[in-house]
Amino acid sequence: MASKYTVHRSRLQRAQQGRVQLAIAILDHRRGPNLDEAIAWYRTNLNHSLFVVTEGEVETLVERYPEINFISFATWTTIGERINAVANECGANYFLITRSDLYLARFDGSRLFSTGYDRIAWAAVIANSHKEIVPSLRFPSLGGDPFGVDSDFPLLDEARAVRTLYPVMGLGLYDRAVFQRLRGFDEKIESDYYQLVDWGIRSALIGHRVLASSALLMQFIDRESVIEDRSERAGTNRCYTKALSFKKKKDGSITLQKPRRALFDREVWKGEVRSRLRWQVKEDLPSLVASWAKEGS
């Protein structure tokens, strides 16, 4: 998790370092009135340690909101890098990722923090500007080349949770300690989508679960659809190599296998797959897909 940002900490956050249960991070989307409205809403309705993640100069914002923490990147950066920065700096047990261009329509803390669920993160159920729920569940499949990620509509029952591969657009509530043990998002992948897929598959292969529930519901202010850019960019083979390098044998043990050359990244194979992940992984991708299908039946 490389440091490519500056942090402006509020006096309160410095005093509370290490003693905060929940931090809230607003990812700033095109600065403007939406950011001011979002800050005002969270200060009034969900008064926890508050961070704003943005770009460029923030002196004016720091002067206007001295009680808020700011993480500022010099230039545009990926969702994964921004969330990694929040995990590095927030000092809380859990952190919520939201955006300045949406509303937090529902946050049922009693259920989201319940010990009755085995999860490393809650993925937000997402609604568009017309209050229509969009397909925000994600699950792996073997229908693509080399694999696919399919979508479905989430349940609208607060009392029930459904497994999902990753929080769409990173929007969700994360267990910070587990997130950091998993080394967060891979910043060498230059794609929001493949960063999220890589994190989701890597987490699932190790045995962790991401759950979605309408106990955490977010609604976009102006957006009518939620479309992910799934085009391949630099570093995509890092995702493929980590997802495809394991084979589960009949006795349940895991062995290594190199993906085909077109999908292979030697650096991540040597530096992560062979040295670390091979000792943590409990499934291969086919068995993961099969267990997902069985769980959903």
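Taking strands (runs of 3 or more DSSP E) that do not extend beyond the stretch 46-138, which have at least 2 residues that are in contact with a His (Cβ under 7 Å, 6 or more places away or on another chain)?
So the answer is 69-73.
Inspect all residues belonging to the stretch 154-167 and state whether any of them is in a loop (DSSP other than H, G, I, E, B), of a type in the set (A, V, I, L, M) and modelled with pLDDT of 95 or more.
The answer is yes; a qualifying residue exists.
Quick check on residue 85: is it under 23 Å from residue 46 (Cβ atoms), out of contact with any Ser or Thr (no Cβ under 7 Å at 6 or more places or on another chain), buried (at least 18 other Cβ atoms within 10 Å of the Cβ) and of a type in the set (A, V, I, L, M)?
For residue 85, the condition - under 23 Å from residue 46 (Cβ atoms), out of contact with any Ser or Thr (no Cβ under 7 Å at 6 or more places or on another chain), buried (at least 18 other Cβ atoms within 10 Å of the Cβ) and of a type in the set (A, V, I, L, M) - is met.
Filter the stretch 244-254 down to the residues that are of a type in the set (Ser, Thr, Tyr) and at pLDDT below 95 and list them by number.
Listed by number, the list holds a single entry, 253.
Residue by residue through the stretch 251-297, note down the ones that are in a helix (DSSP H, G or I) and under 19 Å from residue 189 (Cα atoms).
Answer for the stretch 251-297, where residues must be in a helix (DSSP H, G or I) and under 19 Å from residue 189 (Cα atoms): 261, 262, 263, 266, 267, 268, 269, 270, 271, 272, 273, 277.
Which residues, counting only those in the stretch 173-199, are out of contact with any helix residue (DSSP H, G or I) (no Cβ under 8 Å at 6 or more places or on another chain) and either buried (at least 24 other Cβ atoms within 10 Å of the Cβ) or in a loop (DSSP other than H, G, I, E, B) (or both)?
Correct list: 183, 190.
Identify all residues within the stretch 139-153 that are assigned to a loop (DSSP other than H, G, I, E, B), closer than 21 Å to residue 202 by Cα and not aliphatic (A, V, I, L, M); write none if there are none.
143, 144, 145, 146, 147
What number goes with the only condition from (1) at pLDDT below 95; (2) farther than 23 Å from residue 209 by Cα that residue 92 does not pass?
In the conditions (1) at pLDDT below 95; (2) farther than 23 Å from residue 209 by Cα, residue 92 misses (2) alone.
Do the conditions hold for residue 275, that is, is it without any contact (Cβ under 8 Å) to a residue 40 or more places away in the chain and hydroxyl-bearing (Ser, Thr, Tyr)?
Considered against the rule, which asks whether it is without any contact (Cβ under 8 Å) to a residue 40 or more places away in the chain and hydroxyl-bearing (Ser, Thr, Tyr), residue 275 comes out as yes.
Among 246, 185, 220, which is the only one that is over 21 Å from the mean Cα position of the chain (by Cα) and aromatic (Phe, Trp, Tyr)?
Only one candidate passes the filter, namely 246.
The values are calculated or read from the model by the stated rules, or taken from the named source; none is laboratory data. Predicted model only: the values in this text are computed from it and were never measured. In this analysis, Cβ positions are derived from the backbone assuming ideal geometry, glycine residues included, and neighbour counts consider all displayed protein chains.
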